[in-house]
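The values are calculated or read from the model by the stated rules, or taken from the named source; none is laboratory data. As the structure is a computational prediction, the values presented were derived from the model and not from experiment. Positions of Cβ are generated from backbone atoms using ideal geometry, with glycine treated the same way; all protein chains shown enter the neighbour counts.
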Amino acid sequence: MKLEQLDLGSVLEQVGREKNIDKEVLVSALEEAMLSAARKKLGIEADLEARYNDEAGEVEVYEFLRIIKDGEVKRPGEIEFKDAKKLDPDLSEEAVGEDLGVKLESREFGRIAAQNAKQIIVQRVREAERLMVYNEYKDRKGEIVTGTVRRFERGDVIVDLGRAEAILPTSEQIPKENIRVHDRLVAYVVDVLEVARGAQIILSRTHPNLVVKLFEQEVPEIAEGIVTIDSAAREAGFRTKISVRSKDSDVDPVGACVGMKGSRVQAVVQELRGEKIDIVSYDADEARFVCAALAPAEVTRVLLNETTRTMQIVVPDEQLSLAIGRRGQNVRLASQLTGWKIDIQAESKAAAEKEEAWISLSPIKSLSELQFQTLFNYGIRTIEAFLEHKDSTLAGMPYFEGADLALLKEDARSVKQLESARKDQRKHYERQWAQILQKLDRLSAKLSQENRQHEIAVDLLGAESSDKLKSAGYDDLIDIFLDKNTARMIKVAGLDQQAAEGALELAKNKLAELDSSITMVTLG
């Protein structure tokens, strides 16, 4: 059928309905196509214009020619007055120098030009479809959509949404989820990009907001705004935690999300292929909120630091693994849900840390027990940490308002200096003791080589004492010298005070006699 025989008005309306494309877009595509066909015939220098005539139902193409006087040299794009007069009898000589629009017949463009025109129309229609899809989905970012799995491309899942195709990248797929062609899939729209091939819709099955949107569908109270989901933390395929709150005191937010016999939460779990979901009631008291987020573990004590937003959670020893969760999952999700950094400790470890802190800070004479507890709660557990904190910071802590911080700091510095001196002295003794041990090893080897072990035998102490010492594990005088603990000899070997002191003195003197450089060193 030839172009001039078509009722373009009806065709445009039909295509517009089928493709859901505005008629103006199709008209513009037709005009551009006809212009292209005309230029193929007349050249790119021709002054052309295409107009759609709605009444005639056709696209009219006009070539504009400059009117010149008869007999003048005619160039392309020009027409003599006498020839123009034939086309428009109403022209007068005053029209010389003006442009005359001459309508062109589409049959003059040729078959190839018509094919090019068809390609332009098809291209413009496709562009219009792509733009329409982009405009439709660009505002749906952050929503959930339902589609059908069509195919796989390099691990990515291509999902048919009806009017468009979306991509579910490998990184946004739930680990170990079995997806097959023709499966119905619900996903979260992460982004909508405008690319050369049209709209690229990026989906996600791992985004925490997918769970949020599913609950919005299942729970009428959320859709009505009575219950709100405050935050969500998720490890896709394993577990999700959400915190909820209610604007109506008569509505239990957790119960609303769970539903009768768990029907609502089970619907979401089923959509996520069995993923576990914990629903936590939001609490303005952040310590209570964190404790609730760590359920089902029981919390015995909470120490928080608002400056670093860190909470130290103490749980019974037998519940430590429950609170941490498999591979740290429970505490990790609770931290994401609440926005606090959470450090979980068993009661025994927390007690040991408190004991260490007490050993370090208790020598400060002017520090009260309540002040010590405050420092411990704020993570200040050594004298060094106490001295590093500014007075302005300490003054804002409980039980330090109005305290003599200068005196506390002075006492702390004195204790630190004393501890430093003790450490130096201990290092000195340790070095001396190491030297003595080396000498004792050489002495023992020498006596053994010369078969003189009898010179350091416990038999030198008498039969009764030597039998008791041998029974207690003292093989020779070196053992007594190294032990240097008369109380242990009294308790374990059953010696009286005088015998124990005599044994230690004999060991010391005998070894010094064998090697005059060996002396008794008491470690501090």
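Remarks
- Any chance residue 221 is buried (at least 16 other Cβ atoms within 10 Å of the Cβ) and either part of a loop (DSSP other than H, G, I, E, B) or acidic (Asp, Glu) (or both): yes
- Sole residue being out of contact with any Phe, Trp or Tyr (no Cβ under 6 Å at 6 or more places or on another chain) and free of Cβ contacts under 8 Å to residues at least 60 places away in the same chain, chosen from 337, 361, 387, 370: 387
- Looking across 251, 211, 181, 192, one residue alone is at pLDDT 90 or above, of a type in the set (Val, Ile, Thr) and buried (at least 17 other Cβ atoms within 10 Å of the Cβ). It is 211.
- Selection from segment 349-378 of residues that are in a loop (DSSP other than H, G, I, E, B) and surrounded by fewer than 16 Cβ atoms within 10 Å (Cβ to Cβ): 362, 365, 366, 368
- Residue among 56, 46, 38 that alone is modelled with pLDDT of 75 or more, farther than 12 Å from residue 124 by Cβ and outside any helix (DSSP H, G or I): 46
- Cβ-Cβ contacts under 6 Å between residues 6 or more apart (or on different chains), taken from a first residue in segment 238-254 that is under 11 Å from residue 279 (Cβ atoms) to a second residue that is among the acidic types (Asp, Glu) and surrounded by 14 or more Cβ atoms within 10 Å (Cβ to Cβ), are listed as 241/278; 243/230.
- Condition met for residue 408 (touching an Asp or Glu at 6+ places or on another chain (Cβ under 7 Å), in contact (Cβ under 8 Å) with a residue 24 or more places away in the chain and assigned to a helix (DSSP H, G or I)): no
- Yes/no for residue 319 being surrounded by 18 or more Cβ atoms within 10 Å (Cβ to Cβ), polar (S, T, N, Q), outside any loop (DSSP other than H, G, I, E, B) and out of contact with any Phe, Trp or Tyr (no Cβ under 7 Å at 6 or more places or on another chain): yes
- The set of residues in segment 37-78 being among the β-branched types (Val, Ile, Thr), without any contact (Cβ under 8 Å) to a residue 40 or more places away in the chain and touching a helix residue (DSSP H, G or I) at 6+ places or on another chain (Cβ under 6 Å) consists of 67 alone.
- Checked against the criterion of being modelled with pLDDT under 90 and crowded, with 17+ Cβ neighbours inside 10 Å, the candidates 236, 199, 256 yield just one match: 199.
- Of all the numbered requirements in (1) modelled with pLDDT under 90; (2) exposed (fewer than 14 other Cβ atoms within 10 Å of the Cβ), residue 312 misses one, and that requirement is (2).
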